[in-house]
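*Asks:* For reference, the structure I am asking about is given below.
No value in this document is a laboratory result; all are computed from the given coordinates. Because the structure is predicted, anything quoted here is derived from the model rather than measured. All Cβ positions, even for glycine, are placed from backbone atoms using ideal geometry, and neighbour counts span all protein chains on display.
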Amino acid sequence: MSSNGHMDTEPILNHGQFIKEAKSDAKSIHILFSPNESVGALAESLKIFKRYHVNLLHIESRSSIKVPGYEFMIEVDSSVGDVEGALENIKQESSYFQIITRDYKENKAAVPWFPRKIKDLDKFANQILSYGSELESDHPGFTDSVYRARRKEFADIAFNYKHGTPIPTVNYTEQERGVWKVVFNNLTRLYKTHACYEHNHVFPLLQENCGYSEDDIPQLQTVSNFLKSVTGFQLRPVAGLLSSRVFSGWSGIPCVPLHPVHQAPHQA
């Protein structure tokens, strides 16, 4: 803040298809990388962070669709150790490397990217903050291997989705339908007194056109078709949590996609 009491802001600069934004005070950095294939590749990568005294806050792995093998998404504490040196070393030892955090060190790879047409979202939609199959230790399904496998099925559907293809139909189990029925009946009973006017106005349309009912879990493609016909919006499944910028900021293209995470609640 300046001496005259006004908040200091940096200008937004347009350059080609990129936009530079003002710096933030992010205390962590997210990276996505695939180490060069070898036995113990991940262990060697972790040794790099240790050598540079860098603290890791979160790590996830998944099969890579960019290069053969696996890719890892790691959240790094930016306040401890030689982060810049560690990331440069990791980059040298990887077949694929990208800094997801948008404004780290003015790094060109981290400059916010904006799609120019809706199909461009395929290039960015899977750069998520947390994969949908991952659970915190206090989640009721944390130790339920069957439930975790089911969540991964849903996350994989979204991860492999490409624009222009139908969203795959999910065949829900009887147990999932039972959980849906309990939740549906309890929520709809509260709508009149607790939901906003807009929700209560639209929900009957979803029941009529998308099959919302206590006995039927609507398919995302059905909901997407209806939304597009009446609003121009459509759904695009994602495999986990998106940043707030990605979730709400892709408004410069026609037919802006909404981003549902396709999951089933645990029966507990």
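*Asks:* hydroxyl-bearing (S, T, Y), within 23 Å of the chain's Cα centre (by Cα) and surrounded by 11 or more Cβ atoms within 10 Å (Cβ to Cβ): is that true of Y191 in this structure?
*Replies:* No; evaluated as a whole, the condition is false for this residue.
*Asks:* What is the one condition in (1) surrounded by 14 or more Cβ atoms within 10 Å (Cβ to Cβ); (2) closer than 30 Å to K162 by Cβ; (3) under 22 Å from the mean Cα position of the chain (by Cα) that I65 does not satisfy?
*Replies:* The failed condition is (1).
*Asks:* Using beta carbons and a limit of 7 Å, which pairs, at least six apart or on different chains, have the first residue in region 166-184 and closer than 21 Å to F203 by Cβ and the second one charged (D, E, K, R) and surrounded by fewer than 12 Cβ atoms within 10 Å (Cβ to Cβ)?
*Replies:* Here the result reads K181/D215, each pair linking region 166-184 to a residue that is charged (D, E, K, R) and surrounded by fewer than 12 Cβ atoms within 10 Å (Cβ to Cβ).
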